[in-house]
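Participant: One structure, pasted below without further comment.
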Amino acid sequence: MTISVEQSVTTRIATPFSLTPMKNQNGPDSAPTLQPTQLPVWTSPVVEKVYKEETTLEVVQIGESPSFLPSGIGIRPDQAIFYRPPEAGPESPVDWRPPPVKVPHALHPDDHYWLVRPIPSDSRNYELEWYPYGNRPTRPEALPYRVHHGMDFPNEPGTPVFAASSGTVIYAAPLPSNRDGINYYGNTVIIHHDWQWQGQDVYTLYAHTLELFVKVGDFVEQGQLLAGVGATGHVSGPHLHLEVRVGQNNYSSTRNPALWLAPYEGWGTLAGRFMDSRGQVIHGAMITVIPLDVESSVEVPVRYQLTYAPDGVNGDEIWQENFVFGDLPAGDYRVVLTTAGETFRRDVKIKAGMTNFVVFQADFRWAPTYTPIPTFTPPPIPSPTVTPSP
């Protein structure tokens, strides 16, 4: 039927229903049984509503309770992610990221994306690109920090820090170095997870936090609040430093977190091994990843880093990689490696939700040469001059 303008529509409110005792048929001493009444019916007070739309509404009459039918063409769930109505607001900013996939996640049998991102999605939950795992800072203006054994997430102080997986808190305090006693890590939480990888224990470390909301001995669930982002310890600004440690809980047992953190929906990971003619891995080679044909709602920049430094940096037990680029939208890319005056190129396709592995092998024998670590020299402080009094 059609309801015209300002026509009254009546609806009724359901009254509660009860259970009525049934006559006892088993004698006076038997326990009474209850007989259910009819299903609830629409009865009782009438509430009148007047619709004053300028158009008519299609109504399906079911008893005395009208229901309005949706109009238009429906969108299936698998199509909705591609649909953007023009009135939805401004375009997404360049640093926008899709939501991460659910964990545990492993489209490839050798993958182990078992950790959730430790920073919420409305904050920066992706790494600082110019200081990747296994590298010193790739920005020439940056100070000569040590080779990175983790992943950094720059954020405002107080941004929540979550447990990447479940386990027991085994450390929650400032963490001074066992070499020189300096508190490099600042306020730190370490979790011993309640599962293993390749028969080895796994730990995650969360450093430079502003405050701690857990204590040693606490069992935490995946995604539980641990602390707030801070700038404690030796840092250049507020950020979370995350480490994944496998086998033992120490600085020499770290692995690349990019192979453990859940990738974003529609994005994947590039990992690989660059070696010489003898199969020896080549350290410190420049790698550039150039997007060629990528379907993404965000700008995809050219990414670059060096192959892992030899300073105690570990590859994965399975992949045995010496470089990783995480968080790449699916599509076609060109990988360029340069070392010892030689350049190697290969076009690769990044598939979403998995590690895409490539191997480069040079036709020469690589001999590493010692490169001195650059040191920061502070500017000289001028000596004060004394002006004699007259």
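Any read-out appearing in this document is the output of simple, stated calculations on the displayed coordinates, not a laboratory observation. Just so it is clear, the structure is predicted and the values come from calculations on it, not from any experiment. Neighbour counts are summed over all protein chains in view; Cβ atoms, including those assigned to glycine, are modelled from backbone coordinates with ideal geometry.
Participant: Between Val216 and Arg139, what is the FRET efficiency for a Förster distance of 41 Å, r being their Cβ-Cβ separation, to the nearest 0.05?
Facilitator: So the FRET efficiency works out to roughly 0.65.
Participant: Sort the following peptides by mean Cβ neighbour count (other Cβ atoms within 10 Å, averaged over residues), highest first: 260-269, 285-294, 335-344. Can you show the working numbers first?
Facilitator: Details: 260-269: 21.6, 285-294: 16.4, 335-344: 14.5.
With the highest mean Cβ count within 10 Å placed first, the list reads 260-269, 285-294, 335-344.
Participant: State the extension gain, in nm to one decimal, for the chain segment bounded by Arg346 and Asp110, taking 0.36 nm per residue of separation less the distance between their alpha-carbons. Mind dumping the intermediate values first?
Facilitator: Working: separation 236, 0.36 × 236 = 84.96 nm, distance 2.29 nm.
Separation in residues times 0.36 nm, less the Cα-Cα distance, equals 82.7 nm.
Participant: Now for a different question. Given a Förster distance of 51 angstrom, what is the FRET efficiency for Ser166 paired with Arg365, based on the Cβ-Cβ distance and rounded to 0.05? It would help to have the intermediate numbers written out before the result.
Facilitator: Values: r = 47 Å, r/R0 = 0.92.
E(calc), rounded to 0.05, equals 0.65.
Participant: Something else about it: Projecting each Cα onto the charge dipole of the range 93-250 (Lys/Arg +1, Asp/Glu -1 at the beta carbon, about the Cα centre), which of Trp114, Phe162, Val147 comes out farthest on the positive side?
Facilitator: Toward the positive end, the furthest listed residue is Val147.
Participant: Then there is this: Just to be sure I understand the model, the point goes 7 Å from the Cα along the line to the Cβ. What's the resulting Ser123 to Val298 distance in nm?
Facilitator: For Ser123 paired with Val298, the spin-label model returns 1.7 nm.
Participant: Over the range 151-259, with a single point scatterer placed on each C-alpha, what log10 of the ratio I(q)/I(0) does the Debye formula yield at q = 0.13, 0.17 1/Å?
Facilitator: Calculated log10 I(q)/I(0) at the listed q: -0.43, -0.74.
Participant: Using amide H atoms built in the peptide plane, which far-off residues or other-chain residues are under 5 Å from Ile282 H to H?
Facilitator: Phe274, Met275, Asp276
Participant: For a protection proxy built on the mean count of beta-carbon atoms within 10 angstrom, sort 176-187, 204-215 highest first, please. Numbers along the way, then the final one.
Facilitator: On the way: 176-187: 13.7, 204-215: 20.6.
Listed from highest to lowest mean packing, they are 204-215, 176-187.
Participant: How do 348-354, 271-277 rank on mean C-beta neighbours within 10 Å, highest first? Let's see the in-between values first.
Facilitator: On the way: 348-354: 17.4, 271-277: 19.3.
By packing density, highest mean first, the sequence is 271-277, 348-354.
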